[in-house]
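Remarks on the structure that follows.
The values are calculated or read from the model by the stated rules, or taken from the named source; none is laboratory data. Predicted model, so just to flag it, every value in this text is computed and none were measured. Cβ sites come from the backbone with ideal geometry, for glycine too, and all protein chains shown count toward neighbours. When the accessible area is computed, the model is the full protein with side chains, heavy atoms only, and any ligands, DNA or RNA have been set aside. Shrake-Rupley method; radii C 1.70, N 1.55, O 1.52, S 1.80 Å.
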Amino acid sequence: GAVVSQHPSRVICKSGTSVKIECRSLDFQATTMFWYRQFPKQSLMLMATSNEGSKATYEQGVEKDKFLINHASLTLSTLTVTSAHPEDSSFYICSARDGAIDGTEAFFGQGTRLTVV
Amino acid sequence: LAKTTQPISMDSYEGQEVNITCSHNNIATNDYITWYQQFPSQGPRFIIQGYKTKVTNEVASLFIPADRKSSTLSLPRVSLSDTAVYYCLVGRFNTNAGKSTFGDGTTLTVKP
């Protein structure tokens, strides 16, 4: 299957700082990427959907000014958590879909564990 | 978006066949059914996808009845390493309007 790489896998930052998480599709062009957040023992919650070259679409309740998403190329999307606070500590996961294939499955990155201290 | 309902947890023993059923009464005509496996602190891993009838790959089988209001993931001869959370998703990933939503998932525990 297609490979989606997420970096970093773990990050610890101080409260008030910003953190950038990268999501790359390694062997395919991802026209659409999705960002999720997952709290312990809970399911994945979709935060936003991004299409290459356009603004991301955020889910209700997700602050777009706090969670900046950029999808500047067909292989890279970034999520920046701005002015992070301890309550932003979570597991962030991206997924991507191969736009060249007329299929519907998305492939997920390995996730990023963010801890804000 | 079609809502899915799965059992919260299931227990099994090594070597047994495990069947996890997902209900999705509001599935749309162009929705696919996709199952993912997730281990702790890892991203979900694609298992299988189908639209109707039966799909089989090297890992699992997916059974979908004619009305498509439910689906069953079948894992043959599970091992301890199959202990994970299994998610059933309904929808399409290829457009903003067609995104899928993760339900609560089924925590499968395989015992020796």
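Could you look through region A:75-100, keep only residues that are open to solvent by 50 Å² or more (accessible area, probe 1.4 Å) and free of Cβ contacts under 8 Å to residues at least 60 places away in the same chain, and pick out the one that is farthest from the other protein chains (Cβ to nearest Cβ)? My answer is A:Glu87.
Here A:Val117, A:Val19 are screened, and the one residue that is at pLDDT 95 or above, open to solvent by less than 30 Å² (accessible area, probe 1.4 Å), farther than 28 Å from B:Tyr32 by Cβ and more than 14 Å from every other protein chain (Cβ to nearest Cβ) is A:Val19.
Exactly one residue out of B:Asn57, B:Asn25, B:Asn30 is open to solvent by 60 Å² or more (accessible area, probe 1.4 Å) and either at pLDDT 90 or above or among the basic types (Lys, Arg) (or both): that is B:Asn25. Among the conditions (1) open to solvent by 20 Å² or more (accessible area, probe 1.4 Å); (2) not in a loop (DSSP other than H, G, I, E, B), A:Lys55 misses just one, which is (2).
Quick check on region A:35-71: of everything there that is away from chain B (no Cβ under 11 Å) and of a type in the set (A, V, I, L, M, F, W, C), which residue is farthest from the chain's Cα centre (by Cα)? Filtering first and then ranking leaves A:Phe39. Of all residues in region A:26-35, none satisfies being open to solvent by 40 Å² or more (accessible area, probe 1.4 Å), touching a Phe, Trp or Tyr at 6+ places or on another chain (Cβ under 8 Å) and under 14 Å from B:Gly43 (Cβ atoms).
Would you confirm, using the coordinates I've provided, whether A:Ser5 is in contact with a strand residue (DSSP E or B) (Cβ under 6 Å, 6 or more places away or on another chain), polar (S, T, N, Q), open to solvent by 30 Å² or more (accessible area, probe 1.4 Å) and over 30 Å from B:Ile8 (Cβ atoms)? The answer is yes for A:Ser5.
When residues in region A:58-73 are screened for being without any contact (Cβ under 8 Å) to a residue 24 or more places away in the chain, open to solvent by less than 30 Å² (accessible area, probe 1.4 Å) and under 18 Å from A:Ala96 (Cβ atoms), 0 of them pass.
Scanning region B:22-42 for residues that are at the interface with chain A (Cβ under 9 Å from one of its Cβ atoms), under 15 Å from the mean Cα position of the chain (by Cα) and in a loop (DSSP other than H, G, I, E, B) yields a single hit, B:Asp31.
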